[in-house]
């Protein structure tokens with residue numbers, strides 16, 4: 001890492017017009033609540049060294065045109081540690097955000113709780129967690145930036161507890177600080193890169209790109225809308241398949257447009273949400289994030305044509321719930337042969353992960369729009385589909401099971417796979433006639449089309 005910026009330097013790097021909030025006036029007993037010898041002197045030296053009187057500064061500022069409450073840690077003030085007066089400042093900042101309906105942006109750099117205040121310092125984490133939870137319930141986004149270092153309770157509350165976590169490359173990020181880890185611990189596990197790979201943080205953002213990235217996130221997360229996301233225009237073949245097997249072959253064709261093509265055509269800009277917050281990511285099976293479509297914010301969860309891993313389902317569920325809290329409509333793109341069914345997927349809880357996504361979509365607080373753009377393989381695909389608002393492209397199919405597997409289960413010979421596809425009625429027009437989907441998007445031969 002390069003030289004660590006001060007708290008005010010970190011704010012100036014991403015925001016304009018920072019106005020500090022009034023500091024709550026709590027008097028401190030000599031050497032703090034525990035009477036820790038030399039504590040007052042240590043605070044005085046820290047104040048002289050940094051020009052600050054606490055380890056965090058809080059205020060309002062504009063980031064990319066969006067007004068926000070910004071809290072920034074001064075690591076050179078006692079290691080950016082959290083004490084009772086730090087808790088006072090953070091609580092006041094979150095309350096100001098709720099009163100004025102502003103998003104919260106923590107710029108975190110802390111070593112954890114302040115030892116000189118003992119358990120009173122540790123309990124500040126409960127205060128912070130409550131303020132964060134109340135802010136979440138109020139429908140206000142929290143976008144954290146974890147700087148170097150971010151460890152201990154600061155990571156476990158202000159950092160990992162945010163809706164979106166952006167991390168600076170090379171930063172030390174982890175619950176265990178460098179002095180309390182096992183001697184043989186792999187230092188690479190305690191980095192921003194490791195947290196992104198494990199799904200605990202969403203993205204690595206270089207310092208020179210942080211202002212623009214934060215501004216884009218805040219702009220997208222602060223535009224609620226009650227109208228459903230429009231159905232995307234189909235990008236593949238316009239004509240409906242003649243037979244069920246034809247539908248299957250077209251959906252499985254490597255030339256068929258995939259999720260990235262649809263997302264690029266639909267959104268003028270987008271940002272990615274990465275990770276399930278449970279230790280996993282599924283970048284090859286599920287793409288999640290927020291984007292701008294015709295001037296509106298829309299959340300998206302898109303399968304990529306591969307079997308979806310448990311982490312992919314959990315990330316999609318996380319996205320649907322976040323969009324619901326923020327009042328943002330959701331677009332889902334279905335395209336998978338099914339949920340991953342290997343032994344590792346079972347060990348990672350694929351069944352509960354699919355169940356979690358079914359529940360999130362069923363209980364969605366904002367409208368969900370679904371377009372089946374390729375394979376719709378059984379429950380692993382249906383979990384992402386919106387009940388009552390699912391559409392299909394002409395080069396897609398949806399089935400209770402793959403025709404080959406259905407034929408095997410029914411003990412039919414291989415030559416009957418094609419007829420089995422017809423019996424399953426997997427074509428888009430079949431699904432519309434059965435009432436499984438609302439219609440076929442953009443069909444060129446008179447079928448009901450999305451408008």
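The values are calculated or read from the model by the stated rules, or taken from the named source; none is laboratory data. Since we're looking at a predicted model, the values are computed, not measured. Here the Cβ positions follow ideal geometry from the backbone for every residue, glycine too, while neighbour counts run over all protein chains shown.
Summary of computed values
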{"read-out": "Test for residue 226: is it farther than 20 Å from residue 375 by Cα, surrounded by fewer than 23 Cβ atoms within 10 Å (Cβ to Cβ), in contact (Cβ under 8 Å) with a residue 12 or more places away in the chain and in the same structural domain as residue 361 (by TED's automatic domain parsing)", "value": "no"}
{"read-out": "Any hit, region 152-162, residues being assigned by TED's automatic domain parsing to the domain that holds residue 210, more than 19 Å from the chain's Cα centre (by Cα) and at pLDDT below 90", "value": "no"}
{"read-out": "Qualifying residue in region 37-44 (condition: modelled with pLDDT under 95 and either assigned to a loop (DSSP other than H, G, I, E, B) or not assigned by TED's automatic domain parsing to the domain that holds residue 207 (or both))", "value": "no"}
{"read-out": "Options 300, 262: the member that is at pLDDT 95 or above and within 13 Å of the chain's Cα centre (by Cα)", "value": "300"}
{"read-out": "Test set (1) touching a strand residue (DSSP E or B) at 6+ places or on another chain (Cβ under 6 Å); (2) free of Cβ contacts under 8 Å to residues at least 40 places away in the same chain - residue 17 fails condition number", "value": "(2)"}
{"read-out": "Odd one out for residue 407, checked against (1) under 35 Å from the mean Cα position of the chain (by Cα); (2) surrounded by 15 or more Cβ atoms within 10 Å (Cβ to Cβ)", "value": "(1)"}
{"read-out": "Residue in region 269-292 that is modelled with pLDDT of 95 or more and within 17 Å of residue 234 (Cβ to Cβ) present", "value": "no"}
{"read-out": "Selection within region 184-219 - over 27 Å from residue 310 (Cα atoms) and either surrounded by 16 or more Cβ atoms within 10 Å (Cβ to Cβ) or not assigned by TED's automatic domain parsing to the domain that holds residue 107 (or both)", "value": "207, 210, 211, 213, 214, 215, 216, 218, 219"}
{"read-out": "Checking residue 85 against (1) touching a helix residue (DSSP H, G or I) at 6+ places or on another chain (Cβ under 7 Å); (2) touching a residue at least 40 places away in the same chain (Cβ under 8 Å), the condition it does not meet", "value": "(1)"}
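Quick grid of which residues meet (1) over 15 Å from residue 323 (Cβ atoms); (2) surrounded by 15 or more Cβ atoms within 10 Å (Cβ to Cβ); (3) in contact with a strand residue (DSSP E or B) (Cβ under 7 Å, 6 or more places away or on another chain):
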position	(1), (2), (3)
350	yes, yes, yes
353	yes, yes, no
370	no, yes, yes
374	yes, yes, yes
